[in-house]
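The values are calculated or read from the model by the stated rules, or taken from the named source; none is laboratory data. Quantities reported herein were computed from a predicted structural model and do not represent experimental measurements. As a convention, Cβ positions derive from the backbone with ideal geometry for all residues, glycine included, and neighbour counts pool all protein chains shown. Please note that ligands, DNA and RNA were not included when accessible areas were found on the heavy atoms of the full protein model with its side chains. Shrake-Rupley method; radii C 1.70, N 1.55, O 1.52, S 1.80 Å.
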Amino acid sequence: MSIEHSDFDGTERLALVLDGDIVSTFDTPERVKLGSCELIEEVMIGEDKLVRFSGCPNSQASSIVLRGANTHVVDEAHRSLHDALCVLRCLVKKRFLTPGGGAPEMRLSYELSKWADSLLGMHSYCVRAFAEAMEVVPYTLAENAGLDAIHVVTELRNKHAEGEKAAGINVRKGKVTNILEENVLVPLLVHTSAVSLATECVRLILKIDDIVITR
């Protein structure tokens, strides 16, 4: 099977699924790897005609059709689907789940504060500043949920000081609860990526010795 003038989006993905090659000319067909599938049919979805390929050799790929009343609904559905696929990607790359609701960040802040107490001088100051920066995540979460951020973060800090490692901000109930019992889970890669990228950004800023203003 070959497709002439395939100037549509997703040509590379279609070639991968059909196990074929993309070529600019067909002068030497014996050197071209042709794709194949069991069924090609034209289907109607609403008022649009689509060509569906079924029974492909590399059947790991599939198409998802999003429909909505207007472009805003479709764009929102596309963003939601993209977020869901990113979560799956994080789980595939690192198969670990952590509590949500700001629990990991507050736990990290609490442990770093304890470690800072055992250090001296500039090292203690830097570690304590890092610990305070980690509290921005639960503070922002509580603020976006319309809660009293100062009160909620203080309660969350006390819960972790008492040893409740799974304590997090429950935005549905508007208080601090055991977030694992609410099944609020976040892939570990989300937390590690956010912390590592933020740390690298701060390191780059601290390396700036001077700012030259150009006109």
Pairs please, first residue from the range 78-106 and among the basic types (Lys, Arg), second anywhere and not in a helix (DSSP H, G or I), Cβ atoms under 9 Å, 6+ apart in sequence or on different chains.
ARG89/PRO187; LYS93/PRO187; LYS94/PRO187; ARG95/PRO187
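Among the residues of the range 70-87, what is the count of those that are assigned to a loop (DSSP other than H, G, I, E, B) and open to solvent by 100 Å² or more (accessible area, probe 1.4 Å)?
Matching residues across the range 70-87 total 0.
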Of all residues in the range 162-175 being out of contact with any Gly (no Cβ under 7 Å at 6 or more places or on another chain) and hydrophobic (A, V, I, L, M, F, W, C), which is surrounded by the most Cβ atoms within 10 Å (Cβ to Cβ)?
ALA167
When you go through (1) closer than 30 Å to VAL17 by Cα; (2) surrounded by 12 or more Cβ atoms within 10 Å (Cβ to Cβ) one by one for GLY102, which number turns out not to apply?
(1)
Test LEU66 against the criterion of being assigned to a loop (DSSP other than H, G, I, E, B), of a type outside the set (D, E, K, R) and at pLDDT 85 or above, and give yes or no.
yes
Every residue in the range 37-50 that is open to solvent by 80 Å² or more (accessible area, probe 1.4 Å) and of a type outside the set (A, V, I, L, M), please.
GLU38, GLU42, GLU47, ASP48, LYS49
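Could you please let me know if HIS191 is assigned to a helix (DSSP H, G or I) and more than 23 Å from the chain's Cα centre (by Cα)?
Here the answer is no, as HIS191 does not meet what is asked.
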Expected single match for without any contact (Cβ under 8 Å) to a residue 60 or more places away in the chain, outside any loop (DSSP other than H, G, I, E, B) and closer than 26 Å to LEU81 by Cα among GLU12, GLU30 is GLU12
I need a count of the residues in the range 63-79 that are within 26 Å of LEU16 (Cα to Cα), under 21 Å from the mean Cα position of the chain (by Cα) and not hydrophobic (A, V, I, L, M, F, W, C).
3
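For the range 68-95, which positions are in contact with a helix residue (DSSP H, G or I) (Cβ under 7 Å, 6 or more places away or on another chain) and basic (Lys, Arg)?
LYS93, LYS94
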Counting only residues that are on the phi > 0 side of the Ramachandran plot and surrounded by 12 or more Cβ atoms within 10 Å (Cβ to Cβ), the range 51-69 contains a total of 0
Selection from the range 18-51 of residues in contact with a Pro (Cβ under 9 Å, 6 or more places away or on another chain) and among the charged types (D, E, K, R) yields ASP19
